[in-house]
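Enquirer: Mind having a look at this structure? Questions to follow.
Rule-based calculations on the coordinates, nothing more; no lab input. Bear in mind the structure is a predicted one, so any value in this text is a computation, not a measurement. Every residue, glycine as well, gets a Cβ built from its backbone with ideal geometry; the counts of neighbours run over all protein chains shown.
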Amino acid sequence: MNRTLIVATLISALYALPSIAAPTCPKILDYRVNTLQEQAIDLCSYAGKVVVVVNTASYCGNTHQYAGLEALYRKEKANGLVILGFPSNDFGGQEPGSNKEIAKFCRLTYSVAFPMFEKSGVTANNANPLFKQLITITGHAPRWNFHKYLINRNGNTVISFENTVEPSDPEFIKQIQTMLAQKP
């Protein structure tokens, strides 16, 4: 066999292999945002995962929820769960610090390892683009810190949970488990 024929045969064989397609990016995750460390991240990198989006604050009566969110993240990360934290100073000035200060607080106080993004607005008039879309889809805007949105793997189901719903709440966990059991 000549060299050209061998190369052509190999290329044909490669195209005949089944492709392993990356999940397509759902519109709900089609944003680029900065982390607390000012690194730009494409939220499409979380396509195919069950996503919890939560607005956070360091000086709130709900700040203890960081511990529950981190425990949930560590327990279910391998199963496809990701938690995305968005610090906000929209409620009672309870997140006054800089991104660097917030990152330090989260790391030292609660050992937060789930992705945290730069401080931004989350209320209807002041919301960052992701929160604007979450509010539009669910009809529920955060009324306080630690409001949670749960997004399924395909991005076509979004459930809103009030700030009073703890990360260990049975209904919250049930919805997460249901979504984790579904394949994209």
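Enquirer: Just to be sure I understand: of the beta bridges DSSP finds with both ends in the chain, what percent are antiparallel, rounded to 5?
Expert: Details: 12 of 20 bridges.
Antiparallel bridges make up about 60 percent of those DSSP assigns within the chain.
Enquirer: Another question, then. Order these by the 10 Å Cβ neighbour count, fewest first: 86, 114.
Expert: 114, 86
Enquirer: Give me the aspartates and glutamates in straight-line cross-link reach of residue 119: C-alpha distance below 15 Å, same-chain residues under 8 apart excluded.
Expert: Within reach: 38, 90, 95, 101.
Enquirer: Quick one: net charge around residue 23, please, counting Lys, Arg +1 and Asp, Glu -1 for every other residue with C-beta under 10 Å from its C-beta.
Expert: Surrounding charge for residue 23 is +2.
Enquirer: Between residue 156 and residue 77, what is the FRET efficiency for a Förster distance of 35 Å, r being their Cβ-Cβ separation, to the nearest 0.05?
Expert: The formula returns an efficiency of 0.95 here.
Enquirer: Could you please rank 88, 160, placing first whichever residue has the fewest other Cβ atoms within 10 Å of its Cβ?
Expert: Going from least to most buried by this count: 160, 88.
Enquirer: Treating only the Cβ atoms of Lys and Arg (+1) and Asp and Glu (-1) as charged, compute the dipole magnitude of the chain about its Cα centre; round to the nearest 20 debye.
Expert: Working: 17 positive and 13 negative charges, 108 e Å.
That gives the chain a dipole magnitude of about 520 debye.
Enquirer: For residue 55, which sequence-distant residues (separation of 5 or more, or a different chain) have an amide H within less than 5 Å of its own amide H, given hydrogens modelled in the peptide plane?
Expert: 86, 146, 147
Enquirer: So what is the relative contact order of segment 22-181, in percent, for Cα pairs below 8 Å that sit 6 or more residues apart?
Expert: Computed value for segment 22-181: 29 percent relative contact order.
Enquirer: Can you tell me which lysines have their Cα less than 20 Å from the Cα of residue 183? Leave out same-chain residues fewer than eight positions away.
Expert: The reachable lysines, counting only those whose Cα sits under 20 Å from residue 183, are 27, 49, 75, 77, 174.
Enquirer: Under 5 Å between amide hydrogens, which residues at least 5 positions from residue 153 or on another chain qualify, with H placed 1.01 Å from N in the peptide plane?
Expert: Long-range HN contacts for residue 153: none found.
Enquirer: Follow-up question, since we're still on this one. Could you work out the longest stretch of the chain that avoids the GluC sites (Glu not before Pro) located in DSSP loops with at most 16 other Cβ atoms within 10 Å? Present the calculation step by step, with values, prior to reporting the outcome.
Expert: Working: sites that count: 38, 162.
With GluC sites (Glu not before Pro) excluded where exposed in loops, the chain gives 39-161 as its longest stretch.
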